[in-house]
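Visitor: One structure follows; several queries about it will come next.
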Amino acid sequence: MRLRRSNDRRIFFPWESRGGFRRWLGLGRARPFVVALALIGFVVLVGVRERRWSGIRQTRATLLDVRRGIDAWMADHDGGCPPGLGAVAERTPTDAWGRPLRFVCPAHREGAEYELMSDGPDGEPGGLDRIE
C-alpha cells in the first residue's frame, strides 16, 4: 500500500483555490449586499414589466366592453354612428393610464365601421404601442 505524499500536485479550478471566484471579483464582505441589490433590481424590473402588461390587459378588456356597447347602439339605431362614447357609456371610458379612448366613426380603414383605440402607455396618438 502506497501512502500519498503531502506535496501531490492538484489542479484547482479558479473558483476552488483560496477564495477563488469571490476573491477574483473582489467582493469579500460586500457579497451579501451585492446579492441583495441584484435581487431588488430584478424584482423592480419584473414589477415594471408586469405593471405595463397588466395595463395593456385592462385596456383591452375596456375596449371589448365599449365595442359591445357601440355595436348594440348601432344595432338599435339602424347602423348609424353614435355621436360619441358618452352616448354608449355612462361616463367617458378611459384606458389603464387614465386617458380617454379614441373613437372614429365612420372608420378611415376599409372594411371597418368604426375605429376604437387607446394611445397606449406612452400616450402618443398613432404610436407604435397603441392598442386597438
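Visitor: With point charges of +1 on the Cβ of Lys and Arg and -1 on the Cβ of Asp and Glu, referenced to the Cα centre of segment 20-117, which listed residue (Ala96, Met74, Leu37) lies farthest in the positive direction of the dipole?
Guide: Final value for the positive-end residue is Leu37.
Visitor: Equivalent-ellipsoid semi-axes (√(5λ), Cα gyration tensor) for segment 20-117, whole Å, largest first?
Guide: 52, 13, 9
Visitor: So how do 117-123, 77-83, 64-70, 93-99 stack up, highest first, on mean other-Cβ count within 10 Å?
Guide: 117-123, 93-99, 64-70, 77-83
No lab work stands behind these numbers, since they all come straight from the coordinates. All of these numbers come straight from a predicted model, not from anything done at the bench. Because the Cβ atoms are built from the backbone with ideal geometry, glycine has one as well, and the counts that use them run over all protein chains shown.
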